[in-house]
Structures are given as C-alpha cells and as structure tokens.
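Take a look at the structure below.
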Amino acid sequence: MHKSVQDIINMKKEKKKISVITSYDYTLASLCDKAGIDVLLVGDSAGMVMLGYKNTIPVTMDHMIMFTEAVSRARKDSLLVADLPFMSYQASIEDAIVNSGKLIKAGADAVKLEGGMIMADTISSIVEVGIPVMGHIGLQPQTTVLSQGYKVQAKTSDTAMRLIEDAKELEQAGAFSIALEMVTKEVSQIISDSISIPTIGIGSGTGCDGQVLVAQDLLGMYDKIKPKFAKRYMNLSEDIVKALESYREDVQSGMFPAQTNSFSMDENELKKLREKIGS
C-alpha cells in the first residue's frame, strides 16, 4: 500500500521531514517513487515544464487529468497530490468539488488549491465529501503573479500576520497540509510552529515540515526559469545535449546502427528471397 494522508500528518508529529517532488510523467514519477519520495505532486507547473506555456494560467482540467493519470500509473509507495488548475475551483464550490473528484478518479489521493482564508469554505466543502486537500499560501502562481509578479511574501509584520491567520483558517477548514511558497523563513517557522498540520516549503526556509522541488529543476533539465530556492543536484541538460549530439554524429557517419543494433534473416530464407526477386 502507498502512503496515506494520515501517514504524512503523522510525519510531523514524529518530527520526520517530508520530501515532496513535483512530477508529471510516468518515467520520472517511477524513479521518484523508487527513490522513496514521500509525496508526488502533480503540479500545474506542468504547463510550463512539459507544455512550454509562460505560466500556469493556460493549464486545463484535461491537462491535469492526463498528467495525474500518468503519475498514478507510476507510483507504488508515494502519496499522490494533484493541483486544481486556474478557474477550476474559484468560480463556485460546486466546480471545486466536481473537479476535485475528477482528479481523484484520475488517481490522486488528494488535491491542492491556492488561496488563504477566502478559500476556507471551499476547502471545507471538498473535505466534507471525503477528498483531502492541501492548501497553498504565500506566493500563489495562479493569481499573485498577475498583480505582484514573483516576489517574496510576508516581508512586513502586517503581511506576515495575514499569512499566519490564513494558515490557521486553512487548518480549521480541514486542510491536511499547507504549501508555503516564497515566504520569509522566519514567518514559515512561526506558521509551522503554530499549526498541527504539516507545512511544505517552496523556497520558504528550513523551518517547514517538508520541502518540494520540481524534478526537472533538481535534475538540471529545465533552464527557462532558475528560481533561487531550487537546488540543482545534477546538470542533466548538458549531458543530454551531448548524448544527442553524439547520436546525430553516429547517424551521419554510419556508426549507428551497428551490427549489434540490427536484426538478420535466416541465411536460407534470404537465399530464397533473392531467388524470388531474381525470378
């Protein structure tokens, strides 16, 4: 059996840090699961990393269902959380419940949505029908960037207090965890100490109960955006380009395919074929 929502909640109680990786496809998700990652997050950042959009706003429910299905086929042990994309939950609670259900049917164990106390009723309603919800406050890529751009959150005492209140409201609404994106480390620590559910940091310091990175950022495969908070453990993009260049050169020189990469007919059958062609 794979990890459950309760397993993730218990990790905070047991003071165990939670590893989260954002992944979107079967191949990488299989490797993340094999590596023992606690949570696979099918983020709407797939729109940028996998589909080439400039931001997450164009991502649709159909996109998220496809990515969620792919990751769900890959995972064996990790918890699977899927993002509700822009305008799939903001217009009405009914939309939020229906679309959350679609992601659960696609293989997710829980859904994630952005927004502070304004989303408390929505979260409560989704939870009431039996679907676990991860909250997301601080920088909210679906909406905050429209007005502010990518800026660090909770730099003043007033904005920090609002964020702390948001976190408490989401806990009261029934969220099982909260992602904190680009929040000052001091405020992230305060929030993590103030609520009983796990906090997952996205560029929000070590005080969070867990951390999340995009797999392609971690592996050095995505170069368009290089966030300060992302740690690159490899630089696969250079290695991949070199491998592809070597392949191109082998094709041009005739080195590939070699004899070991080819298949042969039985000699007697080949002889018969030549006789038939000749006749």
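The values are calculated or read from the model by the stated rules, or taken from the named source; none is laboratory data. Since the model is a prediction, treat every value here as computed from it, not as a measurement. Positions of Cβ are generated from backbone atoms using ideal geometry, with glycine treated the same way; all protein chains shown enter the neighbour counts.
Figures for the structure shown
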quantity	calculated
Test: residue in the stretch 115-124 that is outside any helix (DSSP H, G or I) and in the same structural domain as I57 (by TED's automatic domain parsing)	yes
Residues of the stretch 62-102 classified as closer than 16 Å to V129 by Cβ, assigned to a helix (DSSP H, G or I) and of a type in the set (A, V, I, L, M), total	4
Single residue of the stretch 181-216 satisfying the filter (of a type in the set (D, E, K, R) and closer than 17 Å to Y150 by Cα) that is surrounded by the fewest Cβ atoms within 10 Å (Cβ to Cβ)	K185
Residue satisfying condition, being at pLDDT below 95 and not aromatic (F, W, Y), within set N10, N55	N55
Residues of the stretch 49-70 satisfying the condition of being touching a strand residue (DSSP E or B) at 6+ places or on another chain (Cβ under 9 Å) and among the aliphatic types (A, V, I, L, M)	V49, V59, M64, I65, A70
Index of the failed condition, M255 passing every other in (1) modelled with pLDDT of 95 or more; (2) assigned by TED's automatic domain parsing to the domain that holds A46; (3) in a loop (DSSP other than H, G, I, E, B)	(2)
Cβ-Cβ under 7 Å pairs, at least 6 apart or on other chains, the stretch 256-274 side under 29 Å from S246 (Cα atoms), far side at pLDDT 95 or above	F256/Y247; F256/D250
Meets criteria (assigned to a helix (DSSP H, G or I) and of a type in the set (D, E, K, R)) for D250	yes
Residue list for the stretch 180-205, restricted to those being over 19 Å from K13 (Cβ atoms) and either touching a Lys or Arg at 6+ places or on another chain (Cβ under 8 Å) or not assigned by TED's automatic domain parsing to the domain that holds V129 (or both)	M182, T184, G203, S204, G205
Flag for S237 being of a type in the set (G, A, S), without any contact (Cβ under 8 Å) to a residue 24 or more places away in the chain and in a helix (DSSP H, G or I)	yes
Filtered residues of the stretch 21-61 (kept if touching a Phe, Trp or Tyr at 6+ places or on another chain (Cβ under 8 Å), assigned to a loop (DSSP other than H, G, I, E, B) and crowded, with 24+ Cβ neighbours inside 10 Å)	Y24, G43, D44, V59
Residue list for the stretch 147-172, restricted to those being farther than 23 Å from V212 by Cα and of a type in the set (A, V, I, L, M)	M161
